[in-house]
Amino acid sequence: MGTSVQVTPICGVFNENPLSYLVSIDGFNFLIDCGWNDHFDPSLLQPLSKVASTIDAVLLSHSDTLHLGALPYAVKQFGLNAPVFSTEPVHRMGLLTMYDQFLSRRQVSEFELFTLDDIDSAFQNVTRLTYSQNHHLSGKGEGIVIAPHMAGHLLGGTVWKITKDGEDVIYAVDYNRRKEKHLNGTVLESFVRPAVLITDAYNALNNQPPRQQREIFQDSISKTLKSGGNVLLPVDTAGRVLELILILEDYWAEHSLNYPIYFLTYVSSSTVDYVKSFLEWMGDSITKSFETSRDNAFLLKHVTLLINKSELDNAPDGPKVVLASMASLEAGFSHDIFVEWASEVKNLVLFTERGQYGTLARMLQADPPPKAVKVTMSRRVPLAGEELIAYEEEQNRLKKEEALKASLIKEEESKASHGPDNDLNDSMIIDTNNSHAPLDVVDPHGGGFRDIFIDGFVPPSISVAPMFPFYDTTSEWDDFGEVINPDDYVIKDEDMDQAAMNFGGNMDGKLDEGAANLMLDTKPSKVVSNELTVQVKCSLIYLDYEGRADGRSIKTILAHVAPLKLVLVHGSAEATEHLKQHCLKHVCPYVYTPQIEETIDVTSDLCAYKVQLSEKLMSNVLFKKLGDYEIAWVDAEVGKTENGMLSLLPISTSAPHHKSVLVGDLKMADFKPFLSSQGIQVEFAGGGALRCGEYVTIRKVGQAGQKGGGSGPQQIVIEGPLCDDYYKIRDYLYSQFYLQ
Amino acid sequence: MASMGGQPPSSLKRRDAPPVSKEGDQLIITPLGAGNEVGRSCVYMSYKGKTVLFDCGIHPAYSGMSALPYFDEIDPSIIDVLLITHFHLDHAASLPYFLEKTTFKGRVFMTHATKAIYKLILTDYVKVSKVSVEDMLYDEQDINRSMDKIEVLDFHQTVEVNGIKFWCYTAGHVLGAAMFMVDIAGVRVLYTGDYSREEDRHLRSAELPQFSPDICIIESTYGVQLHQPRHIREKRFTDVIHTTISQGGRVLIPAFALGRAQELLLILDEYWSNHPELHNIPIYYASPLAKKCMTVYQTYILSMNERIRNQFANSNPFKFKHISPLNSIEDFNDVGPSVVMASPGGLQSGLSRQLFESWCSDKKNACVIPGYVVVGTLAKTIISEPKEVTLMNGLIAPLNMQVHYISFSAHADYAQTSTFLKELMPPNIILVHGESHEMGRLKTKLTTELADCNTNIITPKNCQSVEMYFNSEKMAKTIGRLAEKTPEVGETVSGILVKKGFTYQIMAPDDLHIFSQLSAANITQRITIPYSGAFGVIKYRLEQIYESVESSTDEESGVPTMRVDDRVTLKQDSEKHISMHWTSDPISDMVSDSVVALVLNISREMPKVVVESEAMKSEEESGRKAEKVIHALLVSLFGDVKLGENGKLVIRVDGNVAHLDKQSGDVESENEGLKERVRTAYRRIQSAVKPIPLIAA
């Protein structure tokens, strides 16, 4: 029997909520994607909290919030400690996206769902794979192979293929079939007849954006700039924005424009730095231009990278284009800039993706757009005056309590271990490491000297007054003299590695200085908010640059992939229902649309058993090559090998009679040149028929539109008068098939 | 070479003779270069009709055609995949020749970084060798064209071509260097290329593959030598340079333009940073590639180690502070102490040679050879510190400069090789890329060290084939309708065996379109035959041949039709034509052919009246005829055959007698052997003479 496969949606079915699904394969639980939305609504994660502890591995498909946003929270709050798998760009860009999210939030609210450290620790145990790398799981998942494949939507975006015993489960959401400037199209179409395909219905009702979209995009931008207005493109942190940057770069170069373009996120410069080194993951045109001329497309000539808004404010006046995160306008720079620019008629806000449900961006994309919107402007201000004093007092009190607690613990510990113990030593290391955590740093004005000492070195419990640590090195002796530790005498070869460590990877990567400052900012501050109503007078345009396959190509791809079973997730209820009906008719008879927390069993009812093909049998089999395949008819007798395997032996009695079989897929378009190469006059007659020679015609009837489902074999008709040509052409026709 | 001594049958070219079916399990590995030598790496491998070529280098010590691997030994057109491990000349430089000037039509793969640098390094090679070599193997155009044919793959990415699966691991030799693992029908071969298990300033060390290969083709450059620890080598290197320049001398470092040079520059830049007193001494990196390759090094940091990646977070470690590029010797103002790193590494020609010749007679100067040098190059010669050297113009000059050989080349030494092999435990080891005495010593030492694991170590010479046999079990998966019930021993299984790559599936024809992209097809044939006679005549004639001929009328047109043997339908379309249609399969085609023949005959014999009695009378006659035939055939088989009593035949052979009953076919004889033979013979004669039953089994 086949491999047991169950799918349980955790979040994101029948709506456009973030994606998160539990896929269990023979009892091994994969959490595929771990998304959150821009509202960071913990109630969405309710189902995840229940299953977090049972998860054996996490697979991430894309680097945006909707696909991995909840990872830090889940790791911290739900004890999700399974290994995480993703591609290198998803890991890196995901990390930057989360930094940007956090910093944007932190700037305007007391954001406490997770911290930068939580993000770091969540991303620390990510195993990075390359495309088409077959990763064999071990332990509980023995026998399961996972492999990421190109999805085409975002850099490093992944279609996951999970294989066990030759059966494929494919998870493909947000793929893109079209080749873009920086990415190739998805390779999803190269998978044929997987046992299960899990895919989304997000775009099922959307159809291809109009051809002239590019012109609208360019025209509206250049028109706004020429009339002296500013253009705001609310973008994601490190995903689709890369494509937009390249489009703008090209347009600017082509028309030699010199309006400034700014890319403003908290992590913009490191984003582009990393992207520059991810060329392996990009499309052919980019890699090719680098290989031949070492032209890195992301050495940007027209786009200026900014990491805080004051730099934008200091920029020279005049029309400009600003790409700022977040795309939802809920927070971040885009929010602030929108508020500033919305009331000016000349300005343009250009949306390149559908806003998440219930966000400001979505509101503005409504038709007609609202005349005015209410927004909350928040900003972090340093504490001053009485507030500051109160804060410091509070901090001091906390410090003292902590110190007291710490010394109590120390006391106990040193009671337990006597003499020169390592605890002292350890505590120092811990403290120095912690010193970057803002709240732990002692305010020099506030605390007494005692606190400083306590923070630096914990006084031994036996001492009355604080003292510098003193280690009494007692040496041990045995029969051969002093006991030495050979390690002490080894020449340190790895000194340079240590030097490297100092450079820096506390942050597991680089964070822009400004951002770092902000984060390490120890100045006490608070958030001030005020609500205001913004008159929306600027023009608003929505153009689809989402880079997702549209309804039509989704259907084409699904029909081509033709899975044995199909699971639909993520997409509005209408879209899901629409795609379901379509697939039932044209793709396969088993289409599932589970509800949240509803477990569906998609174990294939496929029968299969393994046999060994004996050498004797195979020496008599003559294969015929048809495309990638080689086929042959076998009549065999079942036997057993020494180790109890079934094996096929040549048949001893006469072969049973069977209906003759013609195998092959005749393509008229391919057959025509073949015939003409054999010296036969060929042309297409009406209705797809092929007229060969003077009299003979070949045509296909009952055109089987869909390959999947119950459609039968193809029907080909050859007709003509009795003549030599007829038999000649028939022979050529037969040569296209395997006949048994 | 010796093995070339005119033995054409040993050649690997596929002759016209059809492949022997046994050949399937023979695995052949033949070094076309780098067998018992260093340079022109090229290893041919073939198994189950699939062929793979590893690397495509040139021999740096030779020029023109003689620098190529022995491509004549193979037929380039049958190679499926060509895998290049890294960009060094001795591994990649004959690739443009192979792609552009031979019949090769397979696919070529290398890593991203290798491809980017490949172009730079070969373009440079072409330019440099123009000075000394007349017969160019290829030009820049060929290199540019070859770029389009090269495909890239990433580390660990599995690629499948014609059923050959392969992927690569980090090799740690230079940026982008890879070790290839090839899997053909379950037999795995690891080709290490050049590798190093020691992490250095910018590269990762070679990975240990997850799976143990069946055959490991491994480099043996350093044989049984052991490297000094890296920090000692680095200290010697910097000490030599420091001493020389503080005495007012010049230091020449001949190095391969790319690869190890970057490591040396990292060392020098760091040393200079730590020694401010040296800041007025210039370091030149005399290679036009210097600037170009830096962007490559900046881009593919993902292929480097953690250390570089962390440094990258702050500033680009490849943006050197104390090193300046030098484009040509004309730009070089040779006034005082300086350090110059120049290519090529072997001092064959080019800038390094020019500088060497102008500096070699001053004993204050020094030449540091930082890596492995190939036999036959000047660099190799001066390591043994001869008194004199021959200059490019043929003059002899004294060699007074100091020559130091401090190896930074990232090849595995004995300790690394033996641990690598011990962890990997391949049953077969093939040593390549090493001079024959080094290789021999390595083989001896490895044999003793791996004595208890039954390892087979081979050191083939160029063009010497290693043949191995693998018994691979072919497993098939029976799926779909055919597999609804697992069969018992003795039952039969019939279905379509579908082979894709090296996976086999057996399925029912109706399931074809479910489990594969193939589908079954029906071909309906319709043929019109001119016939103006009566339709009934055809029916009458057919009835004499076929058991079942049913007449009816066509529902649509109302014309008379008939169906022959339930396969072929005849229809009287008009007075002048009949049409015939049927669904293709061998038997129906045969039936249709007979109908066509019959109809044509009728048209021809139209006026002839068929005499019925003739056919009736022949019953008896044919019986008699048959008996005569049987008798004659038996005589021709056994010789003495007489008619005995009761119509039995008496057969005598060598004194043995057999009685054959013609009616029942029973044979009586003393001799069992004869009895059996007569019975068989009679049965065959019977089946040949008697008419065929109308319906097949």
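Just so you know, all these numbers are worked out from the coordinates, no wet-lab data involved. These figures come from a predicted structure and were not determined experimentally. Counting neighbours? That spans all protein chains shown, and the Cβs are built from the backbone with ideal geometry, glycine included.
General remarks:
- Over the range A:516-613, the ratio between the Cα radius of gyration and 2.2 N^0.38 Å evaluates to 1.95.
- For the range B:294-445, Kirkwood radius (reciprocal of mean inverse C-alpha pair distance, Å): 19.1
- Cβ crowding within 10 Å averaged over residues, with A:683-693, B:67-77, B:383-393, B:115-125 ranked highest first: B:115-125, B:67-77, A:683-693, B:383-393
- Overall, chain B carries a charge dipole of about 1160 debye about its Cα centre when +1 sits on the Cβ of Lys and Arg and -1 on the Cβ of Asp and Glu, all other atoms neutral.
- If you wrap the tightest convex hull around every Cα atom of the range B:26-111 and split its volume per residue, you get 88 Å³.
- Measuring nothing but how far apart in sequence close Cα pairs (under 8 Å, 6+ apart) lie, relative to its length, the range A:95-231 scores a relative contact order of 13 percent.
- Shape call, the range B:484-574: gyration tensor on alpha carbons, a/c limit 1.5: prolate
- As an equivalent ellipsoid, the range B:113-269 spans semi-axes of 33, 25, 13 angstrom, where each value is the square root of five times an eigenvalue of the C-alpha gyration tensor, largest first.
- Averaging the Cα positions of each part gives two centres, and for the range B:574-593 and the range B:479-502 these lie 34 Å apart.
- Partner lysines for B:K105 [C-alpha distance under 25 Å; skip if fewer than 8 residues away on the same chain]: A:K288, A:K624, A:K625, B:K13, B:K48, B:K50, B:K115, B:K119, B:K149, B:K165, B:K499, B:K500
- Within 10 Å of each Cβ in A:285-294, the average number of Cβ atoms from other chains: 5
- Chain B: equivalent-ellipsoid semi-axes (sqrt of 5 x gyration tensor eigenvalues, Cα, Å): 80, 31, 24
- Against chain B, whose longest principal axis is taken from its Cα atoms, helix B:230-246 shows a tilt of about 40°.
- Which of B:F180, B:A397, B:G57, positive extreme of dipole for chain B (C-beta unit charges): B:A397
- Taking every residue in B:432-438 and counting other chain Cβ atoms within 10 Å of its Cβ, the average works out to 0.
- All-pairs alpha carbon distance profile, the range A:74-174, 10 Å steps from 0, percent: 14, 37, 33, 13, 3, 0
- Peptide B:493-504 is shielded by partner chain Cβ atoms: per residue, an average of 6 of them sit within 10 Å of its Cβ.
- Of the peptides B:41-52, B:85-96, the ranking by mean beta-carbon count within 10 Å, highest at the top, reads B:85-96, B:41-52.
- Dipole of chain B [Lys/Arg +1, Asp/Glu -1 at C-beta], most positive-end residue of B:I241, B:V641, B:N428: B:I241
- Per-residue [θ]222 nm for the protein assembly as shown (sum of -39500 (n - 2.57) over DSSP H runs n ≥ 4, rounded to 500): -9500 deg cm²/dmol
- Binning the alpha carbon pair distances of the protein assembly as shown at 10 angstrom intervals from zero yields the distribution 1, 7, 11, 15, 16, 16, 13, 9, 5, 3, 2, 1, 0, 0, 0, expressed in whole percent.
- Inter-part distance where the range A:308-369 and the range B:254-268 are each reduced to a Cα centre, Å: 49
- Taking only the Cα atoms of the range A:99-229, the radius of gyration and Dmax are 20.5, 65 Å.
- Chain B: relative contact order in percent, alpha carbon pairs under 8 Å with at least 6 residues between: 11
- Cut-off under 5 Å, modelled amide H: who pairs with A:L323 long-range: A:L233, A:Y262, A:F263, A:L264
- Compactness index (Cα Rg / 2.2 N^0.38 Å), the range B:222-322: 1.17
- Each of the peptides A:558-564, A:198-204 was scored by the mean count of other Cβ atoms within 10 Å over its residues; in descending order, highest first, they stand as A:198-204, A:558-564.
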